[in-house]
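Beneath this line is the structure, given in structure tokens, with notes to follow.
The values are calculated or read from the model by the stated rules, or taken from the named source; none is laboratory data. Model, not experiment: these values are computed from the prediction. All Cβ positions, glycine included, derive from the backbone under ideal geometry; neighbour counts span all protein chains shown. SASA here: full protein model, heavy atoms, side chains in, ligands and nucleic acids out. Shrake-Rupley method; radii C 1.70, N 1.55, O 1.52, S 1.80 Å.
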Amino acid sequence: MIAAAPAGRTDASAATTAASHGPSLHDHAGAHLRRFLPSSARFAAGLAWLPVIALSLGHGLAIWIGLGGWQGLTDGWPLTQNDHPQHFHNAVIARPLFRVTGTNAGYDPAFMAGYAKSILSDSSSTASDIFVGLFGLGDPVLAYKLYILIAGAAVPWLVAGAGLLWRLGPGAIGLAVFFYTATIWSVPLIGYLELGMVAFFLAIPLGLFTTALVVRFVEQGGFGRWCAAAAGSAALVLVHITAPLVAAPAAALAYLAAVRARRRGGGAWPRSRHAGVWMVPVLVFAVGAFWWLPGLWLAATKGASDIAFVHPEPMLGRLWFVVIGEAPIMVLLWGGGLLGLVALASRRPVAAVALGTYMAAGFFWGYLAGPFRAFDLLQPGRQTYAFYTGAALATGIGIAEAGTRLRRVSPDRLDLWAALALALFVLRAVGPGAGGVLGEKLKGPEPFLASRPTSQLKWIVENVKQYMPPGSRLLYEEGGMATPEVPDPFQGKRYSGVLPHLAHVEVLGGPFLHVTQQTNFTQFGEGRLFGKARWDRAHFERYARLYRPSAIACWSPYARGFCRSHPDLIDVLEDNGFFLLGKVKGYAGAAIEGAAQVEAVPGRLRVRGLVPGPDGSVTLRYHAVPCLRTVPPVPWEPVFLEEDPVPFIKLRAPADAVSVEIHFPPPEPDRATRAPH
């Protein structure tokens with residue numbers, strides 16, 4: 001049941017709402033009367049919340065099972081599905097980057113011959129960076145899995161929390177949580193967790209909860225409510241950078257609706273509340289400066305964004321397919337969401353504006369923005385999740401309100417028969433889809449978030465550790481999008497992202513073959529080696545001279561054939577019939593020109609034993625990026641070699657020992673792309 005404004009509110013909108021709908025127990029007694037209810041009534045009120053608790057705990061249990069239970073959490077092996085390895089690697093290096101730069105951005109020598117890790121290279125890792133950075137010192141693998149468990153299990157509680165903030169009854173909240181969990185398990189949106197999009201999976205219900213916090217502040221004011229709204233907003237943007245696409249319009253229109261309602265009632269909105277609203281984005285930017293400012297300073301590192309959630313198909317055709325081909329619950333939420341918005345508007349108009357805008361923004365970005373390529377960078381297609389999350393809450397509100405009104409006018413309890421009919425319909429519409437997804441995700445050969453290593457992963461880790469000393473550089477053929485010439489045998493798994501942690505080597509190839517960095521040229525996979533398909537020996541040697549790999553691990557027929565046909569270049573060490581591991585001859589050392597010993601760790605390069613080349617300088621095999629500094633200061637410059645679009649670090653007057661690291665802010669207007677004078 002939808003409750004009206006709480007007792008004691010002085011807003012004109014609340015007074016109008018209460019007057020138009022008459023008194024009720026919840027309106028006038030609220031929480032205070034519960035203390036005077038008989039124990040049996042309190043027990044019955046508690047029982048009304050059992051469906052919310054059971055559904056939320058059941059969802060959390062499914063995530064636990066999906067991770068493999070306690071054994072899966074503690075087996076010591078990172079997840080290798082989809083984006084998880086990249087996020088895991090970034091989370092592992094977050095702590096040392098914080099120590100060097102004061103942010104979760106910095107120099108990462110583990111991939112692509114060195115690159116600038118920032119929000120530009122991985123826009124979804126900030127939350128996991130913080131969690132693993134804080135709690136993963138002893139066991140980052142366990143910490144990352146706990147992050148998945150907590151984030152994945154929290155989502156129904158956030159939907160319930162939004163309902164509580166809007167003073168909905170247990171019936172409406174229980175229905176909302178049911179429709180939400182049924183949607184994510186039958187559509188299935190739970191696949192976001194499997195894809196490694198944990199932050200986005202959490203951000204959408206967190207955005208709804210944050211919107212409810214903002215509504216509570218604009219309706220009632222108060223410093224405590226402002227703190228909650230500001231903290232929720234800051235956390236939301238930190239969790240995922242695209243969340244404001246739906247939450248910001250909802251919060252803004254709720255603010256305008258609250259101001260309008262007060263003015264229509266003849267009152268003036270407090271100036272302090274106006275100031276509070278405008279201070280929220282200021283606080284959000286201030287709190288998030290540690291992750292977004294480096295993105296500005298490192299803007300020159302941005303590369304192509306050729307992988308996104310986009311829908312180039314006709315918009316009307318896609319909408320019609322929802323009606324005739326998608327999970328039935330999606331159509332149910334279309335209708336139920338509209339019913340709920342109408343019901344909510346009659347009781348809490350500001351909340352209705354906020355929820356309706358949240359849904360409308362999700363619908364616009366998810367469906368209507370698809371044909372416009374200018375929006376592709378924002379990956380708008382994923383925002384359908386926001387629409388259906390808001391619609392689940394609205395549907396719970398609408399059905400609960402319809403049942404309440406039917407009960408009032410039907411002395412023969414027609415509402416019970418209507419509830420039974422609706423339950424049977426929903427069970428038929430939702431049950432097969434959700435049951436099938438649950439069976440597939442939890443009862444298959446492996447739970448959908450399991451980290452049990454494959455025999456191939458074990459083989460590559462064991463042999464790399466056997467033949468390659470720590471800090472060596474491995475040329476690794478990563479899996480990616482299947483092509484007719486090169487199918488993907490890994491079925492979405494990517495091993496490169498976990499190799500620096502498990503085997504303690506640098507990797508050329510990965511952690512993802514489409515990292516949005518200019519350094520993405522330095523990749524090996526999808527039938528290409530450093531940008532060229534069907535490469536020859538000359539191409540291999542041109543870039544081996546620059547990147548200086550100690551070994552190669554490959555699996556495609558062409559790459560395996562190349563290694564086998566050049567025994568003077570590659571000495572095959574091991575071959576299990578799938579992976580071939582070979583030693584690359586003639587390219588030892590960390591310098592392209594001159595000589596140097598380099599200890600490459602997250603955040604910095606420690607260079608010593610420098611021996612200048614013929615021109616008196618040493619060129620390292622590591623890429624130069626903006627904001628680099630040398631400690632102590634020595635003259636250096638970026639030098640472009642071959643067709644690599646990113647320059648390398650050239651130390652012009654080598655010292656006995658020097659450290660190369662990213663420092664913020666940039667020391668000079670040219671962002672440290674020239675040598676200091």
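Residues considered: 126, 181. Of these, the only one that is open to solvent by less than 20 Å² (accessible area, probe 1.4 Å) and touching a His at 6+ places or on another chain (Cβ under 6 Å) is 181.
For the range 408-441, the set of residues classified as surrounded by fewer than 17 Cβ atoms within 10 Å (Cβ to Cβ) and either under 27 Å from the mean Cα position of the chain (by Cα) or part of a loop (DSSP other than H, G, I, E, B) (or both) consists of 410, 411, 412, 413, 435, 436, 439, 440, listed by residue number. Of all the residues in the range 376-407, those that are over 15 Å from residue 243 (Cα atoms) and either surrounded by fewer than 20 Cβ atoms within 10 Å (Cβ to Cβ) or not polar (S, T, N, Q) (or both) number 17. If you scan the range 442-453, which residues turn out to be free of Cβ contacts under 8 Å to residues at least 40 places away in the same chain and open to solvent by less than 40 Å² (accessible area, probe 1.4 Å)? 444, the sole residue that qualifies.
Residue pairs whose Cβ atoms lie under 6 Å apart, separated by 6 or more positions or on different chains, with the first residue in the range 53-81 and farther than 28 Å from residue 479 by Cβ and of a type outside the set (Lys, Arg) and the second open to solvent by less than 40 Å² (accessible area, probe 1.4 Å) and in a helix (DSSP H, G or I), are 55/177; 55/181; 56/156; 59/156; 59/181; 60/153.
For the range 612-621, the criterion of a residue being in contact with a Leu (Cβ under 6 Å, 6 or more places away or on another chain) and among the charged types (D, E, K, R) is satisfied by no position.
Applying the criterion of being free of Cβ contacts under 8 Å to residues at least 40 places away in the same chain and open to solvent by less than 10 Å² (accessible area, probe 1.4 Å) to the residues of the range 83-116, the residue that is nearest to residue 517 (Cα to Cα) is 90. Checked against (1) open to solvent by less than 40 Å² (accessible area, probe 1.4 Å); (2) under 30 Å from residue 657 (Cβ atoms); (3) part of a loop (DSSP other than H, G, I, E, B); (4) among the hydrophobic types (A, V, I, L, M, F, W, C), residue 610 passes all but condition (3).
Given the condition open to solvent by 20 Å² or more (accessible area, probe 1.4 Å), more than 30 Å from residue 175 (Cα to Cα) and of a type outside the set (Val, Ile, Thr), answer yes or no: does some residue in the range 344-360 qualify? Looking through the range 344-360, none of the residues is open to solvent by 20 Å² or more (accessible area, probe 1.4 Å), more than 30 Å from residue 175 (Cα to Cα) and of a type outside the set (Val, Ile, Thr).
Selection over the range 531-560 of residues that are free of Cβ contacts under 8 Å to residues at least 40 places away in the same chain, crowded, with 19+ Cβ neighbours inside 10 Å and either part of a loop (DSSP other than H, G, I, E, B) or in contact with a helix residue (DSSP H, G or I) (Cβ under 6 Å, 6 or more places away or on another chain) (or both) gives a count of 1. Screening the range 156-268 for helices (runs of 4 or more DSSP H) wholly inside it with 2 or more residues that are of a type in the set (A, V, I, L, M, F, W, C) returns the ranges 170-186, 198-220, 223-239, 244-264. For residue 625, the stated conditions hold: it is in contact (Cβ under 8 Å) with a residue 40 or more places away in the chain, crowded, with 22+ Cβ neighbours inside 10 Å and outside any strand (DSSP E or B).
Against the test of being modelled with pLDDT of 95 or more and crowded, with 24+ Cβ neighbours inside 10 Å, the options 151, 235, 176, 228 yield a single qualifying residue, 176. Within the range 365-386, is there a residue that is among the β-branched types (Val, Ile, Thr) and in contact (Cβ under 8 Å) with a residue 60 or more places away in the chain? No, the range 365-386 contains no residue that is among the β-branched types (Val, Ile, Thr) and in contact (Cβ under 8 Å) with a residue 60 or more places away in the chain. With respect to the conditions (1) of a type in the set (A, V, I, L, M, F, W, C); (2) in contact (Cβ under 8 Å) with a residue 60 or more places away in the chain; (3) assigned to a strand (DSSP E or B), residue 578 lacks only one, and its number is (3). With the condition kept exactly as written, say whether any residue in the range 470-477 is touching a residue at least 60 places away in the same chain (Cβ under 8 Å), open to solvent by 10 Å² or more (accessible area, probe 1.4 Å), touching a helix residue (DSSP H, G or I) at 6+ places or on another chain (Cβ under 8 Å) and of a type in the set (S, T, N, Q). Within the range 470-477 (the criterion being touching a residue at least 60 places away in the same chain (Cβ under 8 Å), open to solvent by 10 Å² or more (accessible area, probe 1.4 Å), touching a helix residue (DSSP H, G or I) at 6+ places or on another chain (Cβ under 8 Å) and of a type in the set (S, T, N, Q)), the answer is no, since none of the residues qualifies.
With respect to the conditions (1) under 30 Å from residue 105 (Cβ atoms); (2) touching a residue at least 60 places away in the same chain (Cβ under 8 Å), residue 351 lacks only one, and its number is (1). Residues in the range 489-530 that are open to solvent by 30 Å² or more (accessible area, probe 1.4 Å), closer than 21 Å to residue 88 by Cβ and either over 24 Å from the mean Cα position of the chain (by Cα) or small (Gly, Ala, Ser) (or both): 1 in all. Filter the range 646-657 down to the residues that are at pLDDT below 95 and farther than 15 Å from residue 615 by Cβ, then identify the one that is most open to solvent (accessible area, probe 1.4 Å). Residue satisfying both the conditions and the ranking: 656. Of the residues 643, 637, the single one that is open to solvent by 30 Å² or more (accessible area, probe 1.4 Å) and assigned to a loop (DSSP other than H, G, I, E, B) is 643.
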